[in-house]
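Student: One structure, pasted below without further comment.
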Amino acid sequence: MRTTQAAIEVDGLRQGYGDFEAVRGISFTVREGELFALLGTNGAGKTTTMEVLEGFTKARGGQVRVLGLDPHRQRRELRPRVGIMLQEGGFLGDLTVAETIAMWRGMAADVGRRPMTDALALVGLEHRAGTRVRQLSGGQKRRLDLALAVLARPEVLFLDEPTTGMDPEARRDTWKVIQDLKAEGVTVLLTTHYLEEAERLADHLAIMHEGVVHTHGSVETVVAAAGDQVAFRLPISPEALRARTGDGLPFLAGAAPAAVVAGEVTRVTYTLPATSSPDGAHAALRPLMAWAEKCELPLERLEIRRGTLEDVFLRVVGDAR
Amino acid sequence: MRTDVMHAVRLARVDLKLLGRNQTAMINVVLLPLIMGWLFTVTLGGEQLAGVSMTLFVLTGLPGVMLGFAVFVHLVITFTARREELVLKRLRGGQASPVGILGGSALGALAIWVFQVVLVVFWTNRMEDDGLPGNVPLLLLGGLLGVAVFALLAAAVSGITRSAELAQVAVLPVVLLIMVASPVLMPLSAMPAAIRVVAEVVPVTPVIEIMRTAYVGRDFFDYGGQVMGMGEQWVAALPSIGILLVWIAVGTLLARWLFRWDPRHG
Ligand SMILES: Nc1ncnc2c1ncn2[C@@H]1O[C@H](COP(=O)(O)OP(=O)(O)OP(=O)(O)O)[C@@H](O)[C@H]1O
Ligand SMILES: [Mg+2]
């Protein structure tokens, strides 16, 4: 059962440090049970936004609501219902992993939550239970941090770069943990620099650059905006090509070809315009096929690649610069 | 409020466990003031002052020195180091409130200090014929107010201290004041005028005067040294209690203004 109520609402949020404005009026909504990914360049203002939503700092402008509450003014009410994993958080290095977990479990029980009993197993750290926290590796610390964030069974989870520094296997395990929590109805707001992670986990996402959200929407609509890529090789130089065909390469669905010459071959790529129809690439290819037929030229190593989130990210950031 | 207390107790127990694992802190916080007390009694013992032996005088002033180390120095270093290591920020992202987190460390410091005072009581009882404290409630009240003042001041000072190494230096002025401009080793009346002016206002003075009077049952507010009844002691302690309450208000304001959770901000 999915309700459509908003768990996190951000409306015209502004935040800064001294004279510097780090977040310049951003808006987005995360519905209950949804996973929202906040992407963006270094220094885009992701962490700054998270810290406002976590109630650490007061917004300079705009409105934010978490579970209908003001995260700064009503932090006390909100705290038991929210789990937080900071981009970088410290531990008491002289405590063991098990002692750290026990301390956090105790604090959760003190506020009336029913803490998880298997938090260590969840993040695969049982075998390090007796280790001093300062001896853990970077990725292990990250996993411990995740265990602490989820152990009080929060309704809303803030994860600031949860898998940074993890090996591929640990990353996959962490995705599984996050997906399982989401299946239980937890709302998740996550930041990441791994676009694959966002594509895999998120329902909706936003791309930020220099304090502004440039693109947002469901993963599918955002990725659709990337446009598909068509690429192939022609075993002929551009001069010979022009001599043979007269007017050169055709336009595909309005997209111009980009040709790069390498010796006696020409590499051609097209970035097709974004289209809402799922057979866009197919339709765009027809004139290309006809052209190749007519010129009696083979399209070597023809490939059609779906546009990726990375393409969108690079374009959005490139345009903004 | 209730959960704040539960969190504070839990965090205080963790703090004590960590202190046990940190030898440097053990020496600085627990051992050093006891060694200083021993040196004082050895060098100054024998003389008489305001109706008591110098040994008793110094030993009953020692809790003031311990406030400086077990509470003030210890907490400035703890708060600063934990802020810089992002521990405070991580804790604040958990279930505990700011009051619970800071109160936990303050409670831990209180426990260390009480433990030291108990040691001093045993020690005094061995050295002196009538060495047990007379007015325990007044003694405790003076101590509690003192711990509150110095915990708040520690929170404030940590806010303007950039690193744990600098904290060792940042605490020196206060430690120096406690040693020189307070009635640990001599009554205010015996001090040079300039120092006496300072000693009149620093918070460690009322703490020592209250505790010493409560311990010995003689007047150490004006150093007449007359024997005082319980009721008289309470009445005589009122101005000192007032000074400490003012210090608590000042300390709260300073801590609110200066304390920092996050090395990135401010
Ligand atoms: N305390 C501070 N004082 C001054 N500027 C700050 C402070 N904290 C952050 N900033 C600046 O605010 C901007 C946004 O920082 P923020 O940490 O939110 O970025 P981010 O999107 O999380 O980046 P990253 O992906 O690198 O973590 C940056 O330009 C940063 O330098
Ligand atoms: Mg960040």
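The values are calculated or read from the model by the stated rules, or taken from the named source; none is laboratory data. Note that the structure is a prediction, hence the values are computed from the model and not measured. Cβ atoms come from the backbone with ideal geometry, glycine included; neighbour counts cover every protein chain shown. Surface accessibility is based on the protein's heavy atoms, side chains included, excluding ligands, DNA and RNA. Shrake-Rupley method; radii C 1.70, N 1.55, O 1.52, S 1.80 Å.
Student: Conditions: (1) more than 14 Å from every other protein chain (Cβ to nearest Cβ); (2) surrounded by fewer than 23 Cβ atoms within 10 Å (Cβ to Cβ); (3) not aliphatic (A, V, I, L, M). Residue A:228 meets all but one. Number of the miss?
Tutor: (2)
Student: While we're here: Can you pull out the residues in the stretch A:298-321 that are part of a helix (DSSP H, G or I) and either surrounded by fewer than 15 Cβ atoms within 10 Å (Cβ to Cβ) or of a type in the set (A, V, I, L, M) (or both)?
Tutor: Listed by number, the residues that qualify are A:309, A:310, A:312, A:314, A:316, A:317, A:318, A:319, A:320.
Student: Against the conditions (1) within 14 Å of chain A (Cβ to nearest Cβ); (2) open to solvent by 20 Å² or more (accessible area, probe 1.4 Å); (3) over 30 Å from residue A:112 (Cβ atoms); (4) touching a residue at least 12 places away in the same chain (Cβ under 8 Å), where does residue B:51 fall short? Just the number, please.
Tutor: Every condition holds for residue B:51 apart from (1).
Student: If only one of A:99, A:54 is within 13 Å of chain B (Cβ to nearest Cβ) and within 25 Å of residue A:5 (Cβ to Cβ), which one is it?
Tutor: On the way: A:99 fails: within 25 Å of residue A:5 (Cβ to Cβ).
Only one candidate qualifies: A:54.
Student: Scan the stretch A:56-78 for residues that are within 16 Å of ligand 1 (Cβ to nearest atom) and either open to solvent by 30 Å² or more (accessible area, probe 1.4 Å) or touching a residue at least 24 places away in the same chain (Cβ under 8 Å) (or both) and jot them down.
Tutor: Within the stretch A:56-78, A:57, A:58, A:59, A:60, A:61, A:62, A:64 meet the criteria.
Student: Just a yes or no: is a residue in the stretch B:102-116 farther than 22 Å from residue A:86 by Cβ, within 14 Å of another protein chain (Cβ to nearest Cβ) and in contact with a Leu (Cβ under 7 Å, 6 or more places away or on another chain)?
Tutor: Yes; the residues of the stretch B:102-116 include at least one that is farther than 22 Å from residue A:86 by Cβ, within 14 Å of another protein chain (Cβ to nearest Cβ) and in contact with a Leu (Cβ under 7 Å, 6 or more places away or on another chain).
Student: For the stretch A:18-63, which positions are among the polar types (S, T, N, Q) and more than 16 Å from ligand 2 (Cβ to nearest atom)?
Tutor: Residues of the stretch A:18-63 that are among the polar types (S, T, N, Q), as a first pass: A:27, A:29, A:41-42, A:47-49, A:57, A:63.
Across the stretch A:18-63, the qualifying residues are A:27, A:29, A:63.
Student: Inside the stretch B:157-181, can you point out the residues that are among the aliphatic types (A, V, I, L, M) and within 27 Å of residue B:212 (Cβ to Cβ)?
Tutor: Quick first cut of the stretch B:157-181, residues among the aliphatic types (A, V, I, L, M) only: B:157, B:160, B:164, B:166-167, B:169-172, B:174-181.
Residues satisfying the conditions are B:157, B:171, B:172, B:174, B:175, B:176, B:177, B:178, B:179, B:180, B:181.
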